[in-house]
Amino acid sequence: MSNSAPSLWRSKVLPSRSPRASWRWHSVGRLCLTPEAREALGATDLKVESHGHWIVKGVAEPIEIFEVAPQGRRLVSPADSEKAYRVIKSGDWWLPVKDIPNNLPFRPHRSSAAT
């Protein structure tokens, strides 16, 4: 990597605004990237997974978020918060995923305690 690489990553990685925030894009062992940073990463042996599109406070348009981790690590999408939430596009609109009812058929669940 060239000497300019650190500034590229600083400008393209979504920063954590506060160590006490309930929602953070990166923490110890977790790194989430914008599409531009994902493209700049190029081919890699690391696991790269999309967490879908998100509306992030302070960002004008929804952006796709990618997480990078060592192979074998399970990646879990961040939880929604007041500062960021996952959306999907329906026609011309971006809708919060949490507000969309699922379309799965009802399947009763039998408790393991019941015999």
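Each row is one residue, and each column tells you yes or no for (1) free of Cβ contacts under 8 Å to residues at least 12 places away in the same chain; (2) β-branched (Val, Ile, Thr); (3) surrounded by 16 or more Cβ atoms within 10 Å (Cβ to Cβ).
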position: Ala40; (1), (2), (3): no, no, no
position: Ala43; (1), (2), (3): yes, no, no
position: Leu46; (1), (2), (3): no, no, no
position: Glu61; (1), (2), (3): yes, no, no
position: Phe66; (1), (2), (3): no, no, yes
position: Gln71; (1), (2), (3): no, no, no
position: Ser81; (1), (2), (3): no, no, no
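Residue count for segment 82-99, restricted to those that are within 15 Å of His51 (Cα to Cα) and of a type in the set (Gly, Ala, Ser): 1.
Take Val76 and tell me if it is in a loop (DSSP other than H, G, I, E, B), within 14 Å of Leu31 (Cα to Cα) and β-branched (Val, Ile, Thr). Judged against the criteria, Val76 is a match.
All conditions but one from (1) surrounded by 10 or more Cβ atoms within 10 Å (Cβ to Cβ); (2) at pLDDT below 90; (3) hydrophobic (A, V, I, L, M, F, W, C) apply to Val28; the one that does not is (1).
The values are calculated or read from the model by the stated rules, or taken from the named source; none is laboratory data. Given the structure is predicted, the values throughout are model-derived calculations rather than measurements. When we count neighbours, we look across all protein chains shown, and the Cβ atoms used for this are built from the backbone with ideal geometry, even at glycine.
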